[in-house]
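J.: Quick one: the structure is below, and I'll ask about it shortly.
Each value in this text was obtained by applying a stated rule to the coordinates, not by laboratory testing. As the structure is a computational prediction, the values presented were derived from the model and not from experiment. Here the Cβ positions follow ideal geometry from the backbone for every residue, glycine too, while neighbour counts run over all protein chains shown.
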Amino acid sequence: MSARTATLSRVTNETKIQVSLSLDGGVLPAYEPSEHFPPPSDPKAAEAERHGIVPSAEAKHATQFTATQQITINTGIGFLDHMLHALAKHAGWSLAIRAKGDLYIDDHHTTEDTFLALGSAFSDALGKRASIARFGRGDAPLDEALSWAVIDISSRPWAVINLGFKREKIGDLSTEMITHGLQSFAQAAGVTLHVGCSYGDNDHHRAESAFKALAVACRAACARRSAGEVGAGDIVSTKGVL
């Protein structure tokens, strides 16, 4: 099956964001060349970066390279990095994100634009959306918290997010931006997304279980039907188009 990868740059007056994504794990393609992220001064490091993603030294807590996945996230917001790391890991993605945002104002623009860029990369990587399962549900516990997510890769962007946070912030990430970020992802990805936390006393656990549930749902919805299986090569819609 063909590789489902995408790279993109999202540049605004407020943020500069780059994403490299592979929906099926494996080696990530290099970031697009960008004046906002000049190559390293060391010639060997610069050469390595031209051929693929290299781990971000600034985000060691959200960097994990294994035999099957490459993940390195550096948005400048630690808890956001943590959530995107969990999303990529459990969705089976390889994912690299780097961002320069106006964090001296607050976390809004960086978070929103990161999710918009990720959603756009997700849509690009899916391509024509043939053979995919389309619908996916995921449930994930984290200690006392339990969350669920349902996704429809429908080309009809909609999001209902209900995580029941009690705190204003988790680390340096506003809890309202978790909700808005997931809404932004759904908008850019062209998906219908419902995410909820059924219960939990700890807001960190509520958030992390929600991202893990979303990861499981994405993995299920993006699964491809192989040759000979019902739906292989088809667009899973009575309309014949998504």
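J.: Given labels modelled 7 Å from the Cα in the Cβ direction, how far is it in nm from H61 to A3?
T.: 3.2 nm
J.: Additional query: Taking the range 173-242, how much of its Cα-Cα pair set, in percent, is spaced more than 13 angstrom apart?
T.: The share of Cα pairs beyond 13 Å in the range 173-242 comes to 74 percent.
J.: Cα-Cα pairs above 20 Å in the range 1-129: how many percent?
T.: Within the range 1-129, distances greater than 20 Å cover 40 percent of Cα pairs.
J.: Based only on other Cβ atoms within 10 Å, what is the fewest-to-most ordering of Y104, Y199?
T.: Ordered from fewest to most neighbouring Cβ atoms within 10 Å, Y104, Y199 come out as Y104, Y199.
J.: Where does each of 33-40, 200-207 land if you order them by average Cβ count within 10 Å, highest first?
T.: 200-207, 33-40
J.: Moving on to the next point. Whole-Hz ³J(HN,Hα) for each residue in the range 225-240, computed from phi via Karplus 6.51 cos²θ - 1.76 cosθ + 1.60 with θ = phi - 60°, x for glycine and proline: what do you get?
T.: Working through the residues one at a time gives 7, 7, 4, x, 8, 4, x, 4, x, 8, 8, 7, 7, 5, 6, x Hz.
J.: Below 8 Å, C-alpha to C-alpha, sequence gap of six or more: please give me the relative contact order for the chain in percent.
T.: Relative contact order of the chain: 22 percent.
J.: I want the local charge near D152. Using Cβ-Cβ distances under 12 Å, sum +1 for each Lys or Arg and -1 for each Asp or Glu among the other residues.
T.: Net charge in that neighbourhood comes out at +4.
J.: Across the Cα atoms of the chain, what radius of gyration and what greatest pairwise Cα-Cα distance (Dmax) are found, in Å?
T.: Rg and Dmax of the chain, Cα atoms, are 17.5, 55 Å.
J.: Report the charge-dipole magnitude of the range 137-233 in Debye, nearest 20, computed about the Cα centre from +1 at each Lys and Arg Cβ and -1 at each Asp and Glu Cβ.
T.: 380 debye
J.: Please state the relative contact order of the range 1-135 as a whole percent: Cα pairs under 8 Å, 6+ residues apart?
T.: Reported as a whole number, the value is 31 percent.
J.: Highest first, please rank the peptides 171-179, 112-120, 210-218, 222-230 by the mean number of other Cβ atoms sitting within 10 Å of their residues.
T.: Per-residue Cβ counts within 10 Å, averaged per peptide and sorted highest first, yield 210-218, 112-120, 171-179, 222-230.
J.: Starting at the first residue of the range 60-65, write each ³J(HN,Hα) from the Karplus equation 6.51 cos²θ - 1.76 cosθ + 1.60 with θ = phi - 60°, in whole Hz, x for Gly and Pro.
T.: In residue order, the calculated couplings are 4, 6, 10, 10, 8, 9 Hz.
J.: Ok, one more. When the helices in the chain are scored as -39500 (n - 2.57) per DSSP H run of 4 or longer and the sum is shared across all residues, what 222 nm value do you end up with, to the nearest 500 deg cm²/dmol?
T.: -10500 deg cm²/dmol
J.: Using the charge dipole of the chain (Lys, Arg: +1 at Cβ; Asp, Glu: -1 at Cβ; taken about the Cα centre), state which of A232, A130, T175 has its Cα farthest towards the positive end.
T.: A232
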